[in-house]
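Novice: To start, I am sharing the structure in question, which I have written as structure tokens.
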Amino acid sequence: MKRDLNLESWKVFAAVAEAGSISAAAPKLGIDPPSASRVISALEKSLGGVPLFDRSSHRMALTENGRMALEAAKGMLSIHDMLLRNLEAKTSSMVGPIRVGVPPALLQSFLMPFLVGFAKKYPEVQLDLAEYTAGLPVSFDSKQGKLDLVIAYGPDPVHENYVQIHYGTGHFLNCASPVYLARHGVPRSIEELSRHTGVVFNSPLRGVSTRLKRGTEEKEVRFQREFDFSSALSAKSAAVIGAGIALGMADLHCYRELQKGELVPVLPDWLFPDEELYMYTTPEALRLARVKTFIREYRETIEPILEESRRTTLSLLG
């Protein structure tokens, strides 16, 4: 790189000009005098051999070109310092937008009170929320513009440059309403599900699987008929009113209904594989205090809920 395009070179030049000698300026710059001398010589060379200092005197006096260059260098260094201060202020302040992609069921069932409270606590932070339903690989694109943060299942093996924050594990179970089971009977095996109606959640966010595991054993589930939903909340509502047996429902979304007896576990030994819960952001967005604060307070809100849902389902599953 040409030295005249290097801001650090101009910093050395200005320090030497103001100190009156290389030996006086070098300690302030944190370099040794020979290094400072080489920087000045290289800077003059990159300017086409224009001398910035009159070396005929003991003190390094500026030439006419040097005096003009010093004024310009001070201006450049001042603008650079102001830029850094402004960027630091923007990074550390709780001011500005946060664009977050959130799974719809999570947003509607659990996060509204948190989001309203966050907005009241930090009134100068603008929360822009997008319903996020895409699967992997994670995308920060949305109709609202580039997202700063995405909440989804993971990990993402494609984008190693993304910041991937693991904050929990999603557990799943099969369940149905007592109303449905009283009418159609309780299945005692995977094979008996072929005489039942299935309620199936099918979304790119999590995908769908009709295979359940019990230890090392794995079997394909075949229902007599199915209701397919792209909304986890719609699938739950259908199960609650007795539409059929919900396959692989997230315990986070049904533990309250399990507590109230509106849903009960079915074939509790046969499980849908766990999914890891992740937040995704970029290194640039993570430098912002408002994004870091949102991530911390989101975890403080959701992690106790995840623990409660897990304790509820484990107590029912025995």
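Novice: Report yes if some residue within the range 210-224 is under 26 Å from GLY135 (Cβ atoms) and in contact (Cβ under 8 Å) with a residue 60 or more places away in the chain; otherwise report no.
Specialist: yes
Novice: Determine, yes or no, whether VAL150 is closer than 17 Å to LEU106 by Cβ, touching a strand residue (DSSP E or B) at 6+ places or on another chain (Cβ under 6 Å) and part of a strand (DSSP E or B). Break it down stepwise before answering.
Specialist: Numbers: closer than 17 Å to LEU106 by Cβ: yes; touching a strand residue (DSSP E or B) at 6+ places or on another chain (Cβ under 6 Å): yes; part of a strand (DSSP E or B): yes.
Yes, satisfied.
Novice: What tally of residues in the range 245-300 results from selecting those that are at positive phi and touching a strand residue (DSSP E or B) at 6+ places or on another chain (Cβ under 6 Å)?
Specialist: Applying the first criterion (at positive phi) to the range 245-300 yields 248, 261, 267.
Remaining after also requiring touching a strand residue (DSSP E or B) at 6+ places or on another chain (Cβ under 6 Å): 248, 267.
Selection size over the range 245-300: 2.
Novice: Then there's this: Taking interchain pairs and intrachain pairs at least six residues apart, which have beta carbon atoms under 6 angstrom, with the first residue in the range 289-302 and part of a helix (DSSP H, G or I) and the second of a type in the set (Ser, Thr, Tyr)?
Specialist: ALA289/SER92; ARG299/TYR167
Novice: I've got another one for you. Would it be correct to say that VAL12 is of a type outside the set (Lys, Arg), in a helix (DSSP H, G or I) and over 44 Å from the mean Cα position of the chain (by Cα)? Quick ask: steps written out before the conclusion?
Specialist: Working: of a type outside the set (Lys, Arg): yes; in a helix (DSSP H, G or I): yes; over 44 Å from the mean Cα position of the chain (by Cα): no.
In short, no.
Novice: Related question: How many residues does the range 172-189 hold that are surrounded by 20 or more Cβ atoms within 10 Å (Cβ to Cβ), outside any strand (DSSP E or B) and of a type outside the set (Gly, Ala, Ser)?
Specialist: Residues of the range 172-189 that are surrounded by 20 or more Cβ atoms within 10 Å (Cβ to Cβ), as a first pass: 172-177, 180.
So of that shortlist, the ones also outside any strand (DSSP E or B) come out as 177, 180.
Subsequent filtering for residues that are of a type outside the set (Gly, Ala, Ser) retains 180.
Qualifying residue count for the region: 1.
To keep it simple, each residue is scored yes or no on (1) modelled with pLDDT under 85; (2) in a helix (DSSP H, G or I); (3) surrounded by 15 or more Cβ atoms within 10 Å (Cβ to Cβ); (4) assigned by TED's automatic domain parsing to the domain that holds GLU44.
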| site | (1), (2), (3), (4) |
| --- | --- |
| MET82 | yes, yes, no, yes |
| PHE118 | no, yes, yes, no |
| GLN126 | no, no, no, no |
| LEU129 | no, no, yes, no |
| LEU136 | no, no, yes, no |
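Novice: From ALA246, ALA239, which residue is farther than 25 Å from GLY154 by Cβ and either at pLDDT 95 or above or aliphatic (A, V, I, L, M) (or both)? Steps first, please.
Specialist: Numbers: ALA246 fails: farther than 25 Å from GLY154 by Cβ.
None of the others qualify; the one that does is ALA239.
The values are calculated or read from the model by the stated rules, or taken from the named source; none is laboratory data. Small disclaimer: the values here were computed from a predicted structure and weren't measured. Neighbour counts run over all protein chains shown; Cβ positions are idealised from the backbone, glycine included.
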